[in-house]
Amino acid sequence: MLSVYEGFFSGGARIVHSDVVLGLREGGQHHRVLSIHGEVHREATRQRMEDDACYRRLTAADVGVTSLGRTFGGGAEPAVFSGPELADTARATADADVILSLKEQPLALLGQAGLPRRPVVVCLHRSDPENQGRALDDLKAAIADGTVAAAVCCAESTRAAYEAAGVPAGLLHVIPNGVDLIRFRPDAARRLAIRGSLGVPATAPVIVFAARYDGMKNVPLFLAAARAWLDAVPDGRVLMCGAGMAAANPGLGGDLATAFGRQDRDRLHLLGVRHDMEAVYAAADVVSLTSSWGEAAPLCLIEGMMCGAVPVATAVGDSAAIVAGHGIVTPPDPEAIAAAWTEAVAGRDGYAPALAASRERFSRTRMIASYAALIDRVYAGAALSVTSSEDG
């Protein structure tokens, strides 16, 4: 198996896919990863492949990771690949029986003439295919020439959006995101430890927002809600995690100035990228998401829920379906969001039984077994096609 990534940078899709690779390897499959970019500049941060947590997890498990060495700077990337890049790709794909493409962006590379023909399973993690530049056209072209054998949709909203965009329904298979239930669980010791390290009182209500700094996440809306909530809750705390969620990001600085003006922001903590999110979620009472578009099955909501935080989110993608019965869906209004946080904090104990009962639904084991079954079917289909061709 070969997985092809656009690059290693902070984001839920890369976390999920890397976990799938590790899980399939644990089940006996041999996996390698090829990254088009070795370094990415986005969310106001420079993100080197070697510094990425997913890269480190993969290589620590002896999954081979190589890169074409490109640097992505946030603008449109050329779909022209050099001879050495194509040679490296050919070597990587020649050894694979099936290729997994993390989202549709790598298809511009995998569709280049002269590369070994291998069935591709493209893994889709958004609900706005029309908002992905040329990626949708690359996906349709790869389907038309027979390169794409199947597409994994991480959410029903993803399946519906891509079918509406013209992708054949028979290629679309929904495999909902799952998480490691041993890692993501309520933990009183972690809760106290993180709160202590941040100077947060043990009894203070805490909201966590875990997302990269991106327009789809609607950070200004979240900050407006945080301002309203902190004004109303004198002991409340807000934690913001993710790429670009740091004081060094000028875009975030501008959003903070707009939301808070000269008001003291000591109770709002900018934590940046964290590699201990299970502890951060355990420290929280609420996990919130204020996205405006593009979401499919947000990993932060699932991870936070499994750690005991009540989810509060806007109804984008499958967010409402994930939150239903476990938390609160809100309109994109700061006062309504702030009121929902207060309601969620007050009713946290009441949500606990539903959160506990839903753990198997969001299991990593279930997710990986579904990926393995689909890959087996794609491999068997490709082998049958070769046999039929030879017999003909």
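Between beta-carbons, use under 15 Å as the cut-off and find the net charge around Asn131, counting Lys and Arg +1, Asp and Glu -1.
With Lys, Arg at +1 and Asp, Glu at -1, the neighbours total -3.
Using C-alpha pairs below 8 Å separated by at least 6 residues, the relative contact order for the chain is 16 percent.
The convex hull drawn around the Cα atoms of the range 1-80, when projected onto a plane and averaged over every direction, covers 5.2 nm².
Projection of the Cα convex hull of the range 234-392, averaged over all directions and equal to a quarter of that hull's surface, yields 13.2 nm².
Let me have the relative contact order for the range 188-362, percent, based on Cα pairs under 8 Å that are six or more residues apart.
Values: 318 pairs, mean separation 41.5, N = 175.
Computed over the range 188-362, the figure is 24 percent.
Over the range 284-343, the fraction of Cα-Cα pairs per 5 Å bin, rounded to whole percents and listed from the shortest bin up, is 4, 23, 34, 26, 12, 1.
Most tightly packed first, judged by the mean number of other beta-carbon atoms within 10 Å of their residues, the peptides 268-277, 215-224 read 215-224, 268-277. Of all DSSP bridge pairs formed entirely within the range 1-102, close to 20 percent run antiparallel. Considering helices alone, the calculated mean residue ellipticity of the chain at 222 nm is -12500 deg cm²/dmol, with DSSP H runs of length four and up weighted by -39500 (n - 2.57) and normalised per residue. Among beta bridges identified by DSSP and lying wholly in the chain, the antiparallel ones come to about 10 percent. The distance between label points at Ala87 and Glu156 comes to 5.1 nm (points 7 Å beyond Cα on the Cα→Cβ vector).
For the ranges 151-159, 282-290, what's the packing order if you count other beta-carbon atoms within 10 Å of each residue, average per peptide, and put the highest first? Please list the in-between numbers first.
On the way: 151-159: 24.3, 282-290: 26.1.
The packing order, highest mean first, is 282-290, 151-159.
The packing ranking of peptides 191-200, 40-49, highest mean first, is 40-49, 191-200, where packing means the average number of other beta carbon atoms within 10 angstrom of each residue.
Every number here is computed from the coordinates shown, using simple stated rules; none is lab data. Everything numeric in this text was worked out from a predicted model, so none of it was measured. With ideal geometry, Cβ positions are generated from the backbone for all residues, glycine too; neighbour counts draw on all protein chains shown.
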